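Below: the structure, in structure tokens.
The values are calculated or read from the model by the stated rules, or taken from the named source; none is laboratory data. Values in this document were obtained by computation on a predicted structure and should not be read as measured data. Please note: Cβ atoms are built from the backbone with ideal geometry, for glycine as well, and neighbour counts cover all protein chains shown.
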Amino acid sequence: MRDLEIRGAGNLLGKQQHGHMGAVGYDLYCKLLEESVNELRGEKPEELTDTSIDLTINAYIPNNYIEDEMLKIELYKKIASVETVDDEMDVEDELIDRFGDIPESVQNLIAISYIKSMARKSKISSIKQSGKDIMINFTTNEYMDIEILRKLNQKLNNNISFGSTTKPIIKIKLGNTSSTEIINTLKEFMEEITRLHSE
């Protein structure tokens, strides 16, 4: 935005700007550009919550999968930009094409990025695992009503409990604490709450 104020928008994609694109990566650069253009048009950007996720699973790119550090950074950025199932599949397809079968830790990382994207839009401030429980903290009451909670509980086999001090908290009881169970449970929960809110 500061660059737009100083130079105007005409040169934003010109050759003098290529350094910025190289620094942040093409996908993020396009995203930042879109946000800036929308803001100049007077379109209010969607307010997203900064969600923290703390799970007891491995989620990283191991050295035996990708050794080059700069390439790793590029892929971490790409994975961090995953917002939809299609994004998730595109990243997975690219990784398989370029590097072969995806290790579980990388698969977990991609899934967590997708989960985080949905959580941010649902005003979830944190997702934290404690033993066989996952605690989900919301920043606001606006997404919670009895009917949504009932449907969520039904979808997750009555493994949900709800509490509130000043802000809503949902606790999900896990069957076991394997990476697959944790990821699948969170995906199911987030996809369901996203669907319910869009109805």
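Only one of the listed residues (Lys121, Lys77) is surrounded by fewer than 17 Cβ atoms within 10 Å (Cβ to Cβ), at pLDDT below 90 and farther than 18 Å from Asn184 by Cβ. That residue is Lys77.
Checking the conditions here, which among Phe162, Phe99 is in the same structural domain as Thr185 (by TED's automatic domain parsing), over 15 Å from the mean Cα position of the chain (by Cα) and within 18 Å of Glu188 (Cβ to Cβ)?
Details: Phe99 fails: within 18 Å of Glu188 (Cβ to Cβ).
Just a single option satisfies the conditions, and that option is Phe162.
Quick check on segment 182-198. Is at least one of its residues touching a Ser or Thr at 6+ places or on another chain (Cβ under 6 Å), surrounded by fewer than 18 Cβ atoms within 10 Å (Cβ to Cβ), within 30 Å of Lys77 (Cβ to Cβ) and not small (Gly, Ala, Ser)? No: zero hits.
Within segment 87-95, identify whether any single residue is outside any helix (DSSP H, G or I) and β-branched (Val, Ile, Thr), and answer yes or no.
In the first step, residues of segment 87-95 are kept if they are outside any helix (DSSP H, G or I); the result is none.
Taking every residue of segment 87-95 in turn, none turns out to be outside any helix (DSSP H, G or I) and β-branched (Val, Ile, Thr).
Looking only at residues that are exposed (fewer than 13 other Cβ atoms within 10 Å of the Cβ) and modelled with pLDDT of 75 or more in segment 44-60, which one is farthest from Leu186 (Cα to Cα)? Restricting to residues being exposed (fewer than 13 other Cβ atoms within 10 Å of the Cβ) and modelled with pLDDT of 75 or more, the top hit is Asp50. Limited to segment 151-192, what total is found for residues that are at pLDDT 85 or above and in a helix (DSSP H, G or I)? Residues meeting the conditions: 14.
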